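Taking it in order: structure first as structure tokens, then the write-up.
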Amino acid sequence: AQGQFIPAHRRYSELLRVLPDSRGQTLTLITSRDRLCEPGVPIAHYRLPGLSVTAWATYFAHRGIPENGEVLAAMHGAYGGNAKAMEILAGAVQADFEYSLALYWQAHSQDLLGPVDLKNLVESQIHRLRPLPPEAYHLFCRLGVYRYQDVPTIPWVAVQCLMTDIPAQRHQAIVTSLRNRSLLECRQGRYGLHPVVRAGALAQLTAEDSTEWELAHRAAARCWSNSIQRICSLDDAIQALEAYYHYVAIGDYGAAARVILHSRDNQWQQFLPLGSTLYRMGLVQPVTNAITAIIDHIPPENADASELANILGDLYWIQGRLERAIACQQNAIAIAQTCLHTEIPDPTTHRWYYLTMLVVDSQLSLGLYHLDLWNLETAATWFSKVIATATGTRHQPWADKATTCLALVLSYQGEQSTAKTLASNVIEQVRGQGQSGRHAFFVQLLGHTYLNLGDLETAESLFKAAIQAAEAGHYLQIKANALVGLGRMKAQRGDLVKAVEDCQSAIALLDE
């Protein structure tokens, strides 16, 4: 249990004390799944790394298995380059799948413990935990709930949160016992399970007790959510989203929705839901997938369904799927207005502020969608509704945004005087907010307005301000839109070569 030889084999420890004697001039290599911790024996510990994908390719070719680079790379990644797994998989591909990697992976990509001998190997390792204190076995099984995908390793606090039923002074010893048996990997204070070992841990956890399964997932979800107080980087946002997957795993869709809707300060000095911050950072498809997987499980009378629909509408908008985007925002408005009419909250309460915010934000989004569709009259109507609802209230920032948008619409419609008046009314407010990144999107919209008005110097300064804010906050969609504006401006000045360069740069960013 402590990494020492059992009594029947104690004499091996004497042998190991003799072998390092300098007079012997020998080097002894010992391989073991358990870490050797014999006192008085000078041992240097080496962790065997996984083999490279090139080594796997060489081995499979040696076994006569035809090359399939894409499938082999997927298998290598799933099994962490493990040499024993490579050997077992090659045998299974030969014996049961007529030397076809593609057929094997099609059958077993969702079941890493598919080959019986691989499953037996993992189970034998897990079985060796049984004689230890039960806490080590329970922790090992619970560690299987972490995904080790978008966040490949977990911090110490994420390990500790699974041991709340164990005295704190025992935590380190329990983790060390798992590490010494090559079941838990640790590098630079970060922990993780090998993918195959994780599959074994999950199998044990699901076989043990459904209550244990749920408690482990909830503990992990709380840990991820509590560990991120402010979104300062993409890594922060991705780590905060991990809680979502734990709640989905146990079917708690309401809690999963609240992970996406959990508002935090972000790097643009905005207090936004996690889902909104993530898509601003460019993670459009992951957030779309996350919301569409749960939105039908949220009761339609729940305001969370309205906010999810609001975010999903913007996601579809960014992807150019404008009909779906419009349907989402109309649904968001309907749900929020129903809540306002049934609950009739006091206008001084946060509940009134929140529900009304959902309405005006969705109305603003509908205006932007119709602007992109070049339905200028419809867009102007939605922006006017927002201005009428929000002006002079706690939602004044939405009125300023809508005024910016309405000025742009009017400049396209040729109503230059009114457009200029509206733009002049909000330029200082929008430009000031945009310096922190909060209104950078509307700064570049205002740039397009002044471009249409023929004020190229003001337009240029606004585009450059938007780009600066976008680069500081990794908000590449805004940078692309501002580059399009700079391209239009340079074209008006006759510099077509640089105009084309700006537009090509915008295309590259938007493709990415």
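The values are calculated or read from the model by the stated rules, or taken from the named source; none is laboratory data. All figures in this text were calculated on a predicted structure; none of them were measured in a lab. Note that each Cβ is placed from the backbone with ideal geometry, even for glycine, and that neighbours are counted across all protein chains shown. Please note that ligands, DNA and RNA were not included when accessible areas were found on the heavy atoms of the full protein model with its side chains. Shrake-Rupley method; radii C 1.70, N 1.55, O 1.52, S 1.80 Å.
Ordering Asn82, Tyr148, Ala136 by Cα displacement along the dipole of region 79-174 toward the positive end leaves Ala136 in first place; charges were set at the Cβ atoms of Lys, Arg (+1) and Asp, Glu (-1).
Can you list the GluC sites (Glu not before Pro) in region 74-146 that are in a DSSP coil and have 16 or fewer other beta carbons within 10 angstrom?
Working: sites: Glu87, Glu98, Glu123, Glu135; in loops: Glu98.
Taking region 74-146 and a limit of 16 other Cβ atoms within 10 Å, the loop GluC sites (Glu not before Pro) found are Glu98.
The solvent-accessible area of Val284, taken with every protein chain present and a 1.4 Å probe, is close to 20 Å². Report, ordered by chain and residue number, the lysines lying within cross-link reach of Lys401, taken as a straight Cα distance under 21 Å and ignoring same-chain residues fewer than 8 apart. In chain and number order, the partners are Lys385, Lys420, Lys464, Lys479.
Please give the calculated 222 nm ellipticity per residue for the chain, where each DSSP H segment of at least 4 residues contributes -39500 (n - 2.57) and the sum is spread over every residue; nearest 500 deg cm²/dmol?
Values: 25 runs with 338 residues, N = 512.
Mean residue ellipticity at 222 nm (helix-derived): -21000 deg cm²/dmol.
Remark on Arg35: its backbone amide H falls under 5 Å from those of Arg181, Ser182, a criterion applied only to residues 5 or more positions apart or on other chains, H modelled at 1.01 Å from N. Note down the net charge around Gly50, summing +1 for each Lys or Arg and -1 for each Asp or Glu among other residues with Cβ under 11 Å from its Cβ. Net charge around Gly50: +1. Here region 95-164 is assigned +1 on the Cβ of each Lys and Arg and -1 on the Cβ of each Asp and Glu. Its dipole about the Cα centre then comes out at about 360 debye. Near Leu366: Cβ cut-off under 14 Å, other residues only, Lys/Arg at +1 and Asp/Glu at -1. The net charge is -2. Rounded, prolate or oblate, given the Cα gyration tensor of region 392-512, with a/c below 1.5 counting as rounded? Verdict is oblate for region 392-512.
Less than 18 Å from a label point 7 Å out along the Cα-to-Cβ axis of Ser210: which backbone N atoms in region 228-260 qualify, by residue? Counting only backbone N, you get 247-254. Surface composition of region 1-106: carbon and sulfur atoms hold 56% of the protein heavy-atom accessible area at a 1.4 Å probe.
Counting only alpha carbon atoms, the long axis of helix 396-413 and the longest principal axis of the chain meet at about 60°. Per residue, region 261-366 exposes 41 Å² of accessible surface when a 1.4 Å probe is rolled over the protein heavy atoms with every protein chain present. Taking only protein heavy atoms and a 1.4 Å probe, the accessible area of region 432-512 is 50% carbon and sulfur. Just check region 383-435 against the gyration tensor rule for me: Cα atoms, a ≥ b ≥ c as the square roots of the eigenvalues, rounded for a/c under 1.5, and otherwise prolate or oblate depending on whether a/b exceeds b/c. Judged from the Cα gyration tensor, region 383-435 comes out oblate (a/c at least 1.5, b/c at or above a/b). Helix 322-343 and the longest principal axis of the C-alpha atoms of the chain enclose an angle of approximately 80°.
Dipole of region 278-385 computed with +1 at Lys/Arg Cβ and -1 at Asp/Glu Cβ about the Cα centre; of Gln337, Val359, Phe383, farthest Cα towards the positive end is Phe383. Relative to the longest principal axis of the Cα atoms of the chain, the long axis of helix 476-492 makes an angle of roughly 40 degrees. A simple rule links phi to the HN-Hα coupling: the Karplus curve 6.51 cos²θ - 1.76 cosθ + 1.60 with θ = phi - 60°, which for region 68-79 gives 8, x, 5, 5, 4, 4, 5, 5, 4, x, 5, 9 Hz, with x for Gly and Pro. Using the Cα gyration tensor of region 462-512, with a ≥ b ≥ c the square roots of its eigenvalues, what is the shape: rounded (a/c below 1.5), prolate (a/b larger than b/c) or oblate (neither)? The shape class here is oblate.
Think of a 1.4 Å ball rolled over the protein heavy atoms: region 392-492 then has 39 Å² of accessible area per residue.
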